[in-house]
1. Counting only other chains, and only Cβ atoms inside 10 Å, what mean value do you get across the residues of A:83-93?
2. Show the residues, 5+ positions off or on another chain, whose built amide H is closer than 5 Å to the amide H of residue A:23.
3. If the cut-off is a Cα-Cα distance under 12 Å, which aspartates and glutamates reach residue A:129, setting aside same-chain residues fewer than 8 apart in sequence?
4. Out of the DSSP beta bridges found with both residues in chain A, what percent are antiparallel (nearest 5)?
5. Rank the residues A:25, A:175 as a footprinting-exposure proxy: fewest other Cβ atoms within 10 Å of their Cβ go first.
6. Which of A:8, A:61, A:41 sits farthest toward the positive end of the charge dipole of the stretch A:8-84, with +1 on the Cβ of Lys and Arg and -1 on the Cβ of Asp and Glu?
7. Is there a simple number for the mean count of other chain Cβ atoms within 10 Å of the Cβ of residues in B:189-196, and what is it?
8. Please tell me which of these pairs span more than 23 angstrom C-alpha to C-alpha: B:21/B:205; A:21/B:205; A:47/A:80?
Amino acid sequence: MAPGAPDPLEVRDLVKHYGSKVAVDGVSFTVPRGKVFCLLGQNGAGKTTTLEVTQGIRKPTRGEVRLFGEDPRTAGAALKRRMGVLPQRFTGFSMLTVEENLRYFAEIYGADPDLPALLESLDLTASRKAPFSTLSGGTMRRVGIATALVHDPELVFLDEPTAGVDPVNRRRLWDIILRLRKEGRSVVLTTHYMDEAERLADEVAIIHRGRIIARGPPDRVRRDHGGGPVLRISGLQGNLPVTLAGRAGLRQDEEGATLIPLLNASEGPVLLSELARSGVAYQEFTVREPSLDDAFVRLVATTEAA
Amino acid sequence: MNLRGTLADGATLLRTWSRAKGTLVVSLAMPLLMLVAFGYLFSPDEPERPLLLVEDRAGTNESARLLQLLEAEPSLLITRGAPPEGADPSAWLREQGATGLLRILPANNASGAPVLETLVDPTVPVHASAVRTAVDAARLRHAGGETVAVTELPARDPAPYSAFLLAGVLGLSAMLAGLSMGYHSISELRHAGLLERLAVSPLSKREWLIARMAATSLIGLVTGIVIYGVALIFFPAPPTGGPIALLLVMGGTLVFSGLGTLLGLAVKDPQTGSAVMNLTLLPMVVLSGAFFDVARLPMVLQWAAALSPLTHLNNGLRADLLLGDASTALLHAGALLLASLVIILVGGRLIRWTQE
C-alpha cells in the first residue's frame, strides 16, 4: 500500500435499523493495515450486522463506511477483490471436494492461486479430494478461510471463525489468523470468546446492543474495565454463605468454577476463611488478575444497569 | 463481464446436479418411467406398414401405370377403396385403419397427366410421411420428372398418443427440472451461507443468474435428449421432430430455472415457498391448454395464456412433434428465449442476496 493511502476500513457513526429494531447504533472504528481488529460481543449484539454493512451487503440506515477509501455499496469488482470474507454460516458446496470449492472461488475472483501451497498452509492437503460434506467442523472452517484467501486479499473479514470448533482446531485457526497479520493483511474478526480476542487482537471493540461500549488494545480494556482481582474456586461443595452469594459480579466461568470479584488480592484469604467457617468445601482456588472476560461482564452489567 | 466466474458458477451447478442422486431421479428417472410405462407398456398398437387406399377416378392407362408404380413400393400396403358418398374422408380413413387416401383424377390440362389428390392422416406421422414420399416418388417416376398437381387435404384428426405423450413428458420435465433446480438449489446456497459469500464476490447478480439459467438449460437439453432417445427406442412409432423440440426444452428450462431462482431468492421460508410455487404454477398449467381449449376462454385470459411460458413450451412442442410445423415451433422457441432475456434483465436488478 502506498504511503498516505487510506486505511483498509473506516467506519463512522454507523447506524442500522431493521424496521423498528436498532441493530447497530452509532458504531465507529478504524482498521489499519496489518492489524487484527476484533468485535467482541454476545449473540445478537450487532457484530454480524456491522460486518455485513461494512462489506456492502447491507445498506446502512445512517453513517459512513469506507473500504480502502471507497463506499462498498457503490464500488465495483476491483474493490471486492481486495477483501476476503468468511461469513458466520459459511459451509461451502457440499457436493464438491475441498479443491473444487477453492477452484470455484478462485475462478469467481479471476485469480490463479498456488492451490497446493494454500492447501498446505491451512493443513488441508490431505483433505483436498474429500467432499466438503464429509469434513469435520474445524476443517470446514479452515476451508472457509481458504476460500476467503484464495485471491490474496488485503483485508480479511472473519465472522466467528472458531464458533463450534474443538479446542485443537481452534488453536490451529488462531495460528492461521496470526499468520495473516504477519503477512501484513488486516483482519476484522468477530467472536464471543474472550480468550480468542485477548490472544489475537491488536484492538478490540466490545459491542453490546448495537453500541461499542469499550474499545482499545485488549490489555488496556482489561485494565480499565476489568475491576480488581478475582478469586476462582473450583469443585465447590455446598452453598456459598449469604454474605458471598449476594456479592456483585459473582459468576461461574466456562468450566463451572465460581468467580468472586475481590476488592484487592489480600481479600482472598479472608473469603476462604469465611468459606471454611461456613463448612463449604472446595477442591482448588486461585487468585488471578482481571481478564478481558471480567472486563466484558462488568461492562455489560454496568450498561444494563444504566 | 466476469466470464471465468460465470463459467465456473455454471460448471459448479452442473457438477452438483450430476452428483446429487435425488435431483437425478427427479429430472431423469421419473420422466423416463412415465414415458416407458405409458408409451411402451400401455401404448396402442400401430400398423407396421402404412396402408394407402387408392381411388382411381381417371380410369386411364396413365392412372393404371401410376398404380403399378405405387404397388411396387415396398414400404406401402396398397388397397383400392373410396369413401361412401357424403362421408367424412378423414373419419372414414381412420375407420379403415389406413394412413392415406390417394385419388387419381382425370387430367384437366393439355399434358394429359392425371391430377393426384392425397389425404394423409397425420395421427401416425411417420406413416403419413412414408405415404407422401411414396406417392411423390411414384408421381415423379411416372411423369418423367414433370410436375403433377397435388392437392393435400387439411388434416383434422388428432395426432397419435405417443406424440402427445412425448410432447407432454418433455414439457413437464423441462418445467419441473427448471423450477426445482432454480428454486431448491437456492435453499442449499442460503443454508450454506453461499449467498452472503457471493454477495461480496466480483460476480454480479446478472452474471450469476445467467450462469445458473444456462447451466440448467444444458441439464434440460441432456434430459430432453435422453427422453427423446428412449422414445426413439421404445415407441412402436418413432417420434418425428427433434432438434426444434430440444431447442424448446432448452428454452423452457431456461425460463423456468430463472423463475425458480427468483422465487427461491424472494421467499425464504420453505412452506411459503411451496405455496408461492403452486400459486405460480397452477395458473400457467390451467392456461397452457392442458385441461381445455384456451380459445374458448375470455380474451383477457387468452392474453394471459399468451404471456405464460408454459403455453409457449407446450404449443411449441406440439407444433413440432405432432404437426411437424417447424415455423410455429420456432416462433414459440423465440418467445421462450425472449422471456429468458426479460428474466435476466429484470431479475438481475431485483435480486437481493440477503433479506433485511
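1. On the way: counts 2, 2, 6, 3, 9, 2, 8, 5, 6, 4, 9.
Average per residue, whole number: 5.
2. Amide H to amide H, under 5 Å and 5 or more residues apart or across chains, residue A:23 pairs with A:16, A:17, A:18.
3. A:99, A:100
4. Details: 32 of 50 bridges.
Of the beta bridges lying entirely in chain A, close to 65 percent run antiparallel.
5. Numbers: A:25 19, A:175 12.
The fewest-first ordering by Cβ neighbours comes to A:175, A:25.
6. Result: A:8, furthest along the dipole toward the positive end.
7. Working: counts 1, 1, 3, 9, 10, 9, 3, 12.
Counting other chains' Cβ atoms within 10 Å and averaging over B:189-196 gives 6.
8. Values: B:21/B:205 28 Å; A:21/B:205 28 Å; A:47/A:80 20 Å.
Pairs exceeding 23 Å: B:21/B:205; A:21/B:205.
Each value in this text was obtained by applying a stated rule to the coordinates, not by laboratory testing. Treat the numbers as computed from the prediction; the structure is a model and nothing was measured. Cβ atoms come from the backbone with ideal geometry, glycine included; neighbour counts cover every protein chain shown.
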